[in-house]
Amino acid sequence: MNNEIKTHIVPRTDLDFGLDGDIPRYWLDGHPFKTRFVDALSMTFPIGERFFISSVRRFRDRITDKLQLAEVRDFMRQEGQHGIVHNQWNDRLRAQGVPVDEVEAFCDRFFKWQLGKLPQAWPLVYTASVEHLTAIMAEAVFDNDNFLHGADERMRAVFAWHAVEEFEHKAVAFDVMQKTAKVGYFTRVGIMAAAVVTFQVLTLYFLRKVLKADGFSFGQRARLWASGLWWLYKPFGGVFAHMTPSVLQYFKPGFHPTQIKEPSCYRVWNETYEASGDPLEASRSTLLAA
Ligand SMILES: [Fe+2]
Ligand SMILES: [Fe+2]
């Protein structure tokens, strides 16, 4: 008999996105900057997710609440699955000549430094911060006017699934940080500020490497950066402007991730996936519902 406690966090396994198919090199709107920005982000996920799991696992033995333990278990399972799928995409990027190994080695050093040199709770606090950022990206994934507008449907399906699961486990690291590691307000918001900066600086740093590896000339890269940075940072309608109010929520004393509103398409995705078992179908259903 299975005595496992059921949580609202559903680890879904063996999903097939068709990532070995004929996905164009510039799969996001045919735009090298947009595509490689998301690729640069995605490249860091397998190593990053391993770090998230390690930073939470350190505190698992101190958790006594059975439901919280079950949530930690399901959080780890979900992040493990995300790593597997984003690794498949990394293999594809490697074959395109993208310096995935270099980026992964950099991330590995950065996360090992955090786990080895910083106070024990800080990596967990960093994880809670990034989990907040990924949970609000979940909303942007489903907003077709924004982040993934014009994406290849297989890649959109990867991000839709990942977004759904990030939304489901958004409070796990935060709860371990508050209830178990007993981290206070100033550490939480200080590390969030650092996470917001490192997240952007590192992604743009990796993107620079990828665009160079793609063989664009200096002039071509200058034009790509001009249009790409405007896409990211324009004050009205830019990718980050859209997310800023949700990021700032985290700085409110008394904030809890359950205050993040459910992405509008969460239910549609879930119901379609439950019925069809097909993540592409589920992603399509959210486009129709948007
Ligand atoms: Fe994830
Ligand atoms: Fe996550």
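The values are calculated or read from the model by the stated rules, or taken from the named source; none is laboratory data. These numbers come from a predicted model, not from an experiment. With ideal geometry, Cβ positions are generated from the backbone for all residues, glycine too; neighbour counts draw on all protein chains shown.
A few points about this structure:
- For the range 221-231, the criterion of a residue being of a type in the set (Gly, Ala, Ser) and at pLDDT below 95 is satisfied by no position.
- Scanning the range 37-77 for residues that are closer than 16 Å to residue 168 by Cα and within 13 Å of ligand 1 (Cβ to nearest atom) turns up 49, 52, 53, 74, 75, 76, 77.
- Residues satisfying the criterion are absent from the range 184-204 (criterion: within 16 Å of ligand 2 (Cβ to nearest atom), farther than 23 Å from residue 251 by Cβ and touching a helix residue (DSSP H, G or I) at 6+ places or on another chain (Cβ under 6 Å)).
- Matching helices (runs of 4 or more DSSP H) fully within the range 134-240 where at least 2 residues are free of Cβ contacts under 8 Å to residues at least 12 places away in the same chain and within 17 Å of the chain's Cα centre (by Cα): 185-213
- Within the range 86-112, tally of residues that are closer than 17 Å to residue 134 by Cβ and in contact with a Leu (Cβ under 7 Å, 6 or more places away or on another chain): 1
- Exclusive hit being on the phi > 0 side of the Ramachandran plot and out of contact with any Pro (no Cβ under 7 Å at 6 or more places or on another chain), set 228, 277, 219: 277
- Condition met for residue 104 (in a helix (DSSP H, G or I), within 16 Å of ligand 2 (Cβ to nearest atom), among the acidic types (Asp, Glu) and under 19 Å from the mean Cα position of the chain (by Cα)): no
- Of the criteria (1) within 16 Å of ligand 1 (Cβ to nearest atom); (2) in a loop (DSSP other than H, G, I, E, B); (3) closer than 27 Å to residue 203 by Cα, which one residue 80 fails: (2)
- Residue 96 being more than 16 Å from ligand 2 (Cβ to nearest atom), over 24 Å from residue 65 (Cβ atoms) and surrounded by fewer than 17 Cβ atoms within 10 Å (Cβ to Cβ): yes
- Taking the range 52-73 as the range and being within 11 Å of ligand 2 (Cβ to nearest atom) and in contact (Cβ under 8 Å) with a residue 40 or more places away in the chain as the test, the residues that pass are 52, 56.
- Residues that are away from ligand 2 (no atom under 14 Å from the Cβ) and farther than 17 Å from residue 101 by Cβ within the range 32-51 comprise 32, 33, 34, 35, 37, 38, listed in sequence order.
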